[in-house]
1. Collect the residues in the stretch 3-41 that are open to solvent by less than 10 Å² (accessible area, probe 1.4 Å), free of Cβ contacts under 8 Å to residues at least 60 places away in the same chain and within 24 Å of residue 72 (Cα to Cα), keeping them in residue-number order.
2. Go through the stretch 50-69 and give me each residue that's more than 23 Å from residue 19 (Cα to Cα) and surrounded by 22 or more Cβ atoms within 10 Å (Cβ to Cβ).
3. Mind listing just one residue for me: the one in the stretch 74-89 that is open to solvent by less than 50 Å² (accessible area, probe 1.4 Å) and within 16 Å of the chain's Cα centre (by Cα) and, of those, farthest from residue 136 (Cα to Cα)?
4. Tell me which helices (runs of 4 or more DSSP H) are completely within the stretch 19-138 and hold 2 or more residues being within 17 Å of residue 8 (Cβ to Cβ) and of a type outside the set (Ser, Thr, Tyr), or say none if there are none.
5. Please determine whether any residue of the stretch 77-87 is modelled with pLDDT of 95 or more and more than 15 Å from residue 40 (Cβ to Cβ).
6. Against the conditions (1) in contact (Cβ under 8 Å) with a residue 40 or more places away in the chain; (2) open to solvent by 40 Å² or more (accessible area, probe 1.4 Å); (3) farther than 27 Å from residue 149 by Cβ, where does residue 97 fall short? Just the number, please.
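The values are calculated or read from the model by the stated rules, or taken from the named source; none is laboratory data. Model, not experiment: these values are computed from the prediction. Positions of Cβ are generated from backbone atoms using ideal geometry, with glycine treated the same way; all protein chains shown enter the neighbour counts. Just the protein is used for accessible areas: all its heavy atoms, side chains included, with ligands, DNA and RNA removed. Shrake-Rupley method; radii C 1.70, N 1.55, O 1.52, S 1.80 Å.
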Amino acid sequence: DRVFLIAHSMGSRIVTQALSELIQVEPQVAKRVVQVVLAAPDLDAVVFREQIVPVFFGQQIPITLYASSRDTTLKVSSGIHGCCRAGLGGEGIVVASGLESVDASTIDTSWLGHSYFAETRALLADMNLLLAQGMRAGSRPLLAPKPTKKDPRYYYFVR
């Protein structure tokens, strides 16, 4: 009855496109989706913010983005695609209404920094609070809000 979707890297392309198309054909599916988690998504940041997030927001599907400025794989992908990737954190992290953005740049990562979502205790604990208990970012103890010049704000891992 309840669907949780978790996608990593290029898998985010498949999950977001498939869900967007499925919602158009069978809108009632959106009511079953409890949470979409995108970890280090290798998606065009502008397309993600302007085309994907509004579709999910319009269907009241919560999206959590985990991003990191230490993700070497996404930095290379940005160079190849000539554009920023949604999974890159730091100053350019994607923020939008209907999206909870979490900057994981402060987390210790592997040398490529691309698998942090499945390798670090802090992120796994945070994801557990999100998925198992339904806690939003503002209530999760490992996160703090990062004030920005524009709304909405995003969150980062405190050490």
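1. Within the stretch 3-41, 7, 16, 36, 38, 41 qualify.
2. Narrowing the stretch 50-69 to residues more than 23 Å from residue 19 (Cα to Cα): 68-69.
Across the stretch 50-69, the qualifying residue is only 68.
3. Initial filter on the stretch 74-89 (open to solvent by less than 50 Å² (accessible area, probe 1.4 Å)): 74, 77-78, 83, 85-89.
Narrowing the set further to residues that are within 16 Å of the chain's Cα centre (by Cα) leaves 74, 85-89.
On the way: 74: 26, 85: 24, 86: 20, 87: 19, 88: 21, 89: 19 Å.
Filtering the stretch 74-89 for residues that are open to solvent by less than 50 Å² (accessible area, probe 1.4 Å) and within 16 Å of the chain's Cα centre (by Cα), the one farthest from residue 136 (Cα to Cα) comes out as 74.
4. Working: elements: 53-58, 72-81, 116-119, 121-133.
In the stretch 19-138, 72-81, 116-119, 121-133 are the helices (runs of 4 or more DSSP H) which contain 2 or more residues that are within 17 Å of residue 8 (Cβ to Cβ) and of a type outside the set (Ser, Thr, Tyr).
5. No, the stretch 77-87 contains no residue that is modelled with pLDDT of 95 or more and more than 15 Å from residue 40 (Cβ to Cβ).
6. Among (1) in contact (Cβ under 8 Å) with a residue 40 or more places away in the chain; (2) open to solvent by 40 Å² or more (accessible area, probe 1.4 Å); (3) farther than 27 Å from residue 149 by Cβ, residue 97 violates only (3).
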